[in-house]
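Asks: Take this structure first; my questions come after.
The values are calculated or read from the model by the stated rules, or taken from the named source; none is laboratory data. Since this is a predicted model, take the numbers as computed values, not measurements. Cβ coordinates were reconstructed from backbone atoms using ideal geometry, including for glycine residues, and neighbour counts include every protein chain displayed. Accessible surface is based on the protein model in full, side chains and every heavy atom, while ligands, DNA and RNA are left aside. Shrake-Rupley method; radii C 1.70, N 1.55, O 1.52, S 1.80 Å.
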Amino acid sequence: MLEAGEYSAVELSRSGRRIEIRALRPGDRADLAAAVGRVSTQNLYHRFFAVKRNFTEQEIAFFLNVDFVNHVALVAVMEEGGRPMIIGGGRYIVVDRKKAELAFAVIDRYQGQGIGAVLMHHLAAIARGNGLKELIADVMPDNMPMLKVFEKSRLPHSTTREAGVVHVCLRLE
Ligand SMILES: CC(C)(COP(=O)(O)OP(=O)(O)OC[C@H]1O[C@@H](n2cnc3c(N)ncnc32)[C@H](O)[C@@H]1OP(=O)(O)O)[C@@H](O)C(=O)NCCC(=O)NCCS
């Protein structure tokens, strides 16, 4: 069986470009930082609930040192200027025995190409394979693209709204 840490799949973007969806590797540090640098302030705000561009060494280690059991991270890689570039990523962190919390970010200029949906599909498959039953996410109410990705996943889901946040719960069974 392929370990989640060796995960790799090829997909096509809506415009027909090749995207590799693969496990995040420790060596991706520089490319990941470059990708974060290309995400707009508004999109960073949706991802972190704050405008965050600088990360401490501890935060960077947390993002990179994933064990693919309790913390699974995938990146979307596309060729740009003749070299592979990270253009998005999605991850989940197990918060409970059967439940994990999702987070995503795709560089602005590549949004709306189905990359978020593809990342969601692969994360759900890995989560199911790892025996998880639920994926949850906290989303800002105006974050229509993220809510749409969850809707498009076709996973049964429920949402509850509180001031300033939508709690989404997707069921994997
Ligand atoms: C959320 C995010 C990851 C989605 O990535 P993506 O690659 O654009 O996702 P997709 O292309 O698969 O789907 C986005 C959908 O939202 C739709 N959409 C975009 N803007 C929209 C809007 N203002 N209103 C309604 N739908 C909208 C797109 O048309 C698309 O739907 P479609 O497939 O029916 O055309 C990306 O927008 C992002 O990085 N946002 C900033 C970070 C963030 O919000 N993270 C979530 C915190 S958990």
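Asks: Please state which of the following conditions Gly112 fails to meet, knowing it meets all the rest: (1) assigned to a helix (DSSP H, G or I); (2) surrounded by fewer than 15 Cβ atoms within 10 Å (Cβ to Cβ); (3) near the ligand (Cβ under 6 Å from one of its atoms).
Replies: In the conditions (1) assigned to a helix (DSSP H, G or I); (2) surrounded by fewer than 15 Cβ atoms within 10 Å (Cβ to Cβ); (3) near the ligand (Cβ under 6 Å from one of its atoms), Gly112 misses (1) alone.
Asks: Now a separate question. Give the residues of region 16-39 that are farther than 20 Å from Asp67 by Cβ and basic (Lys, Arg), sorted by residue number.
Replies: Arg17, Arg18, Arg38
Asks: Taking Arg128 and the conditions (1) open to solvent by less than 20 Å² (accessible area, probe 1.4 Å); (2) assigned to a helix (DSSP H, G or I); (3) touching a residue at least 40 places away in the same chain (Cβ under 8 Å), which numbered condition does it fall short on, given that it satisfies the others?
Replies: The one condition Arg128 does not meet is (1).
Asks: Taking Phe104 as the residue in question, decide whether it is among the aromatic types (Phe, Trp, Tyr), within 12 Å of the ligand (Cβ to nearest atom) and under 22 Å from Pro26 (Cα atoms).
Replies: Taking the combined requirement at face value, the residue satisfies it.
Asks: If you don't mind, there's one more thing I want to ask. For region 70-98, give me the residue count where each residue is open to solvent by 30 Å² or more (accessible area, probe 1.4 Å), away from the ligand (no atom under 13 Å from the Cβ) and under 18 Å from Ala137 (Cβ atoms).
Replies: 5
Asks: Just to be sure I understand, how many residues within region 99-109 are closer than 20 Å to Asp67 by Cα, surrounded by fewer than 19 Cβ atoms within 10 Å (Cβ to Cβ) and either modelled with pLDDT under 95 or touching a helix residue (DSSP H, G or I) at 6+ places or on another chain (Cβ under 7 Å) (or both)?
Replies: 1
Asks: Look through region 158-173, keep the residues that are more than 16 Å from the chain's Cα centre (by Cα) and closer than 18 Å to Ile126 by Cβ, and return whichever of them is surrounded by the most Cβ atoms within 10 Å (Cβ to Cβ).
Replies: Leu172
Asks: Same structure, new question: Quickly run through region 139-155 and pick out the residues that are open to solvent by 30 Å² or more (accessible area, probe 1.4 Å), more than 7 Å from the ligand (Cβ to nearest atom) and not in a loop (DSSP other than H, G, I, E, B).
Replies: If the condition is that a residue be open to solvent by 30 Å² or more (accessible area, probe 1.4 Å), more than 7 Å from the ligand (Cβ to nearest atom) and not in a loop (DSSP other than H, G, I, E, B), then Glu151 is the only one that fits.
Asks: Now for a different question. If you check Ile136 against the conditions, is it free of Cβ contacts under 8 Å to residues at least 24 places away in the same chain, within 12 Å of the ligand (Cβ to nearest atom) and not basic (Lys, Arg)?
Replies: No; evaluated as a whole, the condition is false for this residue.
Asks: On to the next question. Kindly list the number of the only condition in (1) within 8 Å of the ligand (Cβ to nearest atom); (2) assigned to a strand (DSSP E or B) that fails for Ser158.
Replies: So the condition that Ser158 fails would be (1).
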